[in-house]
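Shown next, in structure tokens, is the structure this report addresses.
The values are calculated or read from the model by the stated rules, or taken from the named source; none is laboratory data. The structure presented is a predicted model; accordingly, all values stated were derived computationally and were not measured. Cβ: placed from backbone, ideal geometry, glycine included. Neighbour counts: every protein chain shown. Ligands, DNA and RNA are excluded from the accessible area calculation, which covers all protein heavy atoms including side chains. Shrake-Rupley method; radii C 1.70, N 1.55, O 1.52, S 1.80 Å.
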Amino acid sequence: MIRLDRITMNGFKSFAGKVTIPLPEGFNVIAGPNGSGKSNTIDALIFILGTTSARSIRAQKLESLIFNGAKDRKPADYCEVSLYLDNTGGDIPGEDKEVKISRKVSRSGVSSYHVNGKPYTRSKVLEMLSLAKLSSDGFNIIMQGDVTKIIEMSPKERKGVIDEISGIAEFDDKKEKSQKELQHVEERVRENMIVISEKQRLVQRLKAEKEIAEKYVSFSQDLIKSKASLAKKKHENTLEKIESLDREIDEQSKKFEEMSGKFEETEKEQQDAENSIRSITDEIIQKSRNYETSRNADRLQSEMLRKRDRIDNNEREIVRMESATSHEVSSISVKETLRSGIDGIIGTFSSLISVPGKYSTALEVAIGQHADDVVVENEDIAVKCIRFLKERKLGRARFLPLNSIHPKPVRECREAAHMMEITKYEKRYFNVIAYVLGDTVAAESIDEGKKIKGFRVVTLDGDLVEMSRAMIGGFYSRKKGTSNYSDEIRKLEEENAALDEEMRVMREELEKLKGELEAETDEVKSLQDRKILLEKRLDELRSGRGSLYNERSVVQSSLSRMRIEKARLEAVLDNAKLDLQEYRNVMEFYDQTEEELQERVRRCQIEINKLGMVNMKAIEDYNAVAVEFDIMKEKLDKLLKEKESVVKVVEEVEKRRHDKFMETFTEINRNYSRIYTDLVGGFGQLRLEEAENIDSGLMIEASPEGKKILNLDIMSGGEKTLTSLAFLFSVMEHYGSPFYVLDEIDAALDKANTKKIVELVKKYSKSKQFIVISHNDFTIQEADKIFGVSMENGVSKVFSIKLPGVAAE
């Protein structure tokens, strides 16, 4: 039998790189905290099994499945999932003993399939998977909400599950086809009977057509008179409305003009008040005896702000000059090489990297003599630089070509931070950085460092543990560069000190000036009192002006609406005149309201439509009709025999449909009874709402130990969950898939019920492969194999877990 050997994900959802999960036989658990990405492994399974619905795997669209980047990882260009099936038994004919099925989605949303490295179409892959009884919507996968769905389903919907498994859709199609054929035969029988009946009752038919024709004439005449009356009434009513509207427009226009006059008066008075306030303000400023003092105070404040800006600029320049010393080169050969002007020289190794201040000593020790290594574009540039040094006898230097340098493998370290993660650099320099720091991690102290195996370890205070376990340490003094900016820095610091002293003197003078700005003359105070009164009046005028403006706007809007309504009515009047012209030959009119006339027109049109096709010559068509009655009767007899044959076919298809459904139903019921007993210890059964009626609903019943038989819909919450799981397990067992997937089915269960589910899975996992997503401690503890999923910096990582007391594999 087919067995799932392993699954590999690359760039899928939260899995940034290539991750492989080996899945042995038995009870496998994938565990991890919420949000770690453990359920993404199930999404990957459904994805590789061929789903076309991104929503079924919790995504808006297929390209949303691609890893979208994290703190230290750039977004992936594609995602790919590979499924490895053990085909030793040859269940998939024509394929190797191991079948690798891969599915890949690009950023453009294009999906492609490969089987053992060869391109396949989706339909071919689905056909192959069906041989192994696998599909993306198969019943071997129970998702988080499936139990709730079973609980919330109606009996009809639950019965639909067995319909789908039993495959009676094939018989439904045959039945539908036979019924359509039967319907077609019955239609032909009816048509022939109608023809025969018509031939026998020709006179009656012609008489009915004559009566219809007479009704048509009567309704048509009434319709014309009603439409003419309606046009006349519309013309009269519209004229009256226009005259009334003209009177309202005149009234509102006068009101608008009156309000506009008041608005202009208020606006003028407001302008006068504003001019008076400005005049008084100018007079107050001119007569204030402290005016010049105030100007001096403002001048001092402005001058102090300028000096403050100068100090800030100097401080930024000092920081810039001091930081320039960090990348100075001590070797003459390196300095001369950098100055040589040779194209393709990128810079020294130390100039391409940086770390947070906490790790600066660790980085300096870690790179050691590599600090002055010269990074170049390729080997040809390195050779050119070496020749340059030889010709000028300038010494030696080490060169790192970007195109050919072999980086050290960068492995994950759980005990300490990797220097490749701490160090900041451009991605194009990865190989060079990994060549120097690829095997180096940073520890807090030498005590922690000595515990870390398999890595070169540097501590924050400069101690070093080599891969060989040789240790270098003691007091470490960081290297100091000789800055070319020392004189400039000293001058800027002296200038800042002088500026601080000048600002201190200015502050004292400013405090003195502020003390003088206190008293004002009586005349100035009088002007200020007058200014206050004017400002109060100005506020009143502004408020009144706003009210007038709003009221005038309301009137103006009303006028606009009236004028628009008048234009509409004038258009209605023109149409009414045209209608009157059309019915100018009508001399009599109905004396009714416009609404009554509209209803009269509507009724006439309905009655005429009811008549359908009218034969206006029916009165004249009383000629004899030759009838081939015997031929039609013989044809009708043949059709009746054909109908009888089709009815037998329909009954046979229905019987086979019933037998197929009951066969599947009986097996699932047997599975359910056994599984429910294994799970709960009581008795469970399935039955149809109406015995032997396979179109009636499905009832799921159970009798926990010591209780009477209950329907699923009236059970307690815990009983519903266990009963629904027993039903789903019985369906899974019938489906016969090579493996079963359970996604957090124990999430809502208490400890006792969880134990029951786990014991059931353990029992059946002896012959079936189970993959369970869970973060329940008991479930994890009982598993044969445990895989942990964690989220680190936005990336899901998978690792094998070995519980205490479990023998090593």
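Could you check how many residues of segment 32-41 are in contact with a Phe, Trp or Tyr (Cβ under 8 Å, 6 or more places away or on another chain) and in a helix (DSSP H, G or I)?
1
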As an exercise: evaluate ARG414 against (1) closer than 20 Å to VAL457 by Cα; (2) surrounded by fewer than 14 Cβ atoms within 10 Å (Cβ to Cβ); (3) in contact (Cβ under 8 Å) with a residue 24 or more places away in the chain and give the number of the one condition it does not meet. (3)
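Could you say whether any residue in segment 67-82 is closer than 20 Å to TYR113 by Cα, aliphatic (A, V, I, L, M), under 21 Å from the mean Cα position of the chain (by Cα) and surrounded by 21 or more Cβ atoms within 10 Å (Cβ to Cβ)? Give the steps one after another, and end with the answer.
Taking segment 67-82 first, the residues closer than 20 Å to TYR113 by Cα are 67, 76-82.
Filter again for aliphatic (A, V, I, L, M), leaving 76, 81.
Adding the requirement that they be under 21 Å from the mean Cα position of the chain (by Cα) leaves 76.
Then drop every residue that is not surrounded by 21 or more Cβ atoms within 10 Å (Cβ to Cβ), which leaves none.
No; the residues of segment 67-82 include none that is closer than 20 Å to TYR113 by Cα, aliphatic (A, V, I, L, M), under 21 Å from the mean Cα position of the chain (by Cα) and surrounded by 21 or more Cβ atoms within 10 Å (Cβ to Cβ).
Looking only at segment 461-478, count how many residues are part of a strand (DSSP E or B) and within 51 Å of the chain's Cα centre (by Cα).
If we filter segment 461-478 for residues that are part of a strand (DSSP E or B), which is where we start, we get 464-465, 471-472.
Applying the additional criterion that residues be within 51 Å of the chain's Cα centre (by Cα) yields 464-465.
Number satisfying all stated conditions: 2.
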Please name all residue pairs, on different chains or six or more residues apart, with Cβ atoms under 8 Å, provided the first residue is in segment 559-577 and is under 21 Å from LEU230 (Cα atoms) and the second residue is open to solvent by less than 90 Å² (accessible area, probe 1.4 Å) and among the small types (Gly, Ala, Ser). ALA576/ALA231
Among (1) open to solvent by 20 Å² or more (accessible area, probe 1.4 Å); (2) touching a Leu at 6+ places or on another chain (Cβ under 8 Å); (3) in contact (Cβ under 8 Å) with a residue 24 or more places away in the chain, which single condition is SER445 missing? (3)
Can you confirm whether segment 418-436 contains a residue that is surrounded by 16 or more Cβ atoms within 10 Å (Cβ to Cβ), in contact with a Cys (Cβ under 9 Å, 6 or more places away or on another chain) and in contact (Cβ under 8 Å) with a residue 12 or more places away in the chain? no
Limited to segment 12-31, what total is found for residues that are open to solvent by less than 20 Å² (accessible area, probe 1.4 Å), touching a helix residue (DSSP H, G or I) at 6+ places or on another chain (Cβ under 9 Å) and part of a loop (DSSP other than H, G, I, E, B)? 3
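This table checks each residue for (1) closer than 25 Å to GLY160 by Cβ; (2) open to solvent by less than 10 Å² (accessible area, probe 1.4 Å); (3) in a strand (DSSP E or B).
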position: PHE729; (1), (2), (3): yes, no, no
position: ALA752; (1), (2), (3): no, no, no
position: GLN781; (1), (2), (3): no, no, no
position: SER790; (1), (2), (3): no, no, yes
position: SER796; (1), (2), (3): no, yes, yes
Quick one: in segment 119-142, which of the residues that are within 16 Å of SER737 (Cα to Cα), open to solvent by 40 Å² or more (accessible area, probe 1.4 Å) and not basic (Lys, Arg) is modelled with the lowest pLDDT? ASP137
Positions within segment 85-136 being assigned to a helix (DSSP H, G or I), closer than 16 Å to ILE2 by Cα and polar (S, T, N, Q), in sequence order: SER130
If you go through segment 609-631 one residue at a time, do you hit one that is at pLDDT below 85, open to solvent by less than 40 Å² (accessible area, probe 1.4 Å) and under 23 Å from PRO155 (Cα atoms)? no
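For segment 45-58, how many residues meet the condition of being in a helix (DSSP H, G or I) and in contact with a Leu (Cβ under 9 Å, 6 or more places away or on another chain)?
5
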Test for SER56: is it of a type outside the set (A, V, I, L, M, F, W, C) and out of contact with any Ser or Thr (no Cβ under 6 Å at 6 or more places or on another chain): yes
Scan of segment 107-118 for residues that are open to solvent by 80 Å² or more (accessible area, probe 1.4 Å) and within 29 Å of GLY69 (Cβ to Cβ), ordered by number: ARG107, SER108, VAL110
